[in-house]
Amino acid sequence: MTVHLMRELDRLKTTILEISAQVEENVQKAVRSLETLDVIMAEEVIEGDEQVDRMEVDLEEDCLKICALHQPVAADLRFIISVMKINNDLERIADLATNIAERAISLTQSKRITPPYDFVAMAEKVQQMLKKSLDSLVQLDREQALEVIHLDDEVDHMYSESYRLVKEQIRKNPENLDSILYYLSVSRHLERIADLATNIAEDVTYMIEGEIIRHTFGQ
């Protein structure tokens, strides 16, 4: 590996970690805005999504330039491919955080109800998965990445339960339909974040070992 390529790869790693930190903060703020129905915080998440979009495009362009100029092979090429995939997943997670923030704003404009399921517990589990997946990226820790993959089953179960409880609440309180459906939407967005955190963990494993494990765990 040339010195110049080494510097370029180090820069890619720094940038993907910066995006990771921003996306993780967006998710945390989106969940807090929902928990507290804080419109100002929700709007901050929505506005912050543009920054993530710009960073995602810039990083993808940098990856493509490095491939064109240096024609990396083996572990270096695997690293660049993984960064591009993780970059895309992070941008999608930021979009989902924006969707959650938008639901928080919608809930402030509709009838206040008790959430039909424990979205706080679900959000905590999803944030735990996201943090572990990003920590596995920072530390190149395969074991931590595998933990994320196994946690996804727990979130899937929570999502199924939230769906059941939402249907039950709609039958009991049809007058609260709009608010109930907003919470259902939130559970779907959280479940998708968990799926994307799992994707990141799988890509970290690929980055470390060159092993594609996408279907190994029956996902």
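The values are calculated or read from the model by the stated rules, or taken from the named source; none is laboratory data. Computed from a predicted structure; not experimentally measured. Remember, those area values only see protein heavy atoms, side chains included, never the ligands or the DNA or RNA. Shrake-Rupley method; radii C 1.70, N 1.55, O 1.52, S 1.80 Å.
Give the Kirkwood hydrodynamic radius (Å, one decimal) of segment 35-89, defined as one over the mean of 1/r across all pairs of different Cα atoms.
Working: mean 1/r = 0.0759 Å⁻¹.
This gives a value of 13.2 Å.
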- Over all distinct alpha-carbon pairs, what is the Kirkwood Rh of the chain in angstrom? 18.2
- Set of aspartates and glutamates near K167 by C-alpha distance (under 15 Å), chain-local residues within fewer than 8 positions excluded: D118, E175, D178
- Item | Å² of accessible area per residue within the chain, as computed with a 1.4 Å probe and no ligands counted | 49
- Note on the structure: Per the Cα gyration tensor, segment 1-113 corresponds to an equivalent ellipsoid with semi-axes, largest first in Å, of 37, 10, 10
- Query: How many percent of the accessible area of segment 88-188 is carbon or sulfur, using a 1.4 Å probe?
  - Reply: 47
- Could you work out Rg/(2.2 N^0.38 Å) for segment 107-219, with Rg from alpha carbons only? 1.26
- Task: Treating the angle as unsigned and between 0 and 90°, give the value, to the nearest 10°, between the Cα long axis of helix 119-139 and the longest Cα principal axis of the chain.
- Result: 10
- How big is segment 134-196 by Rg and Dmax over its Cα atoms, in Å? 15.8, 50
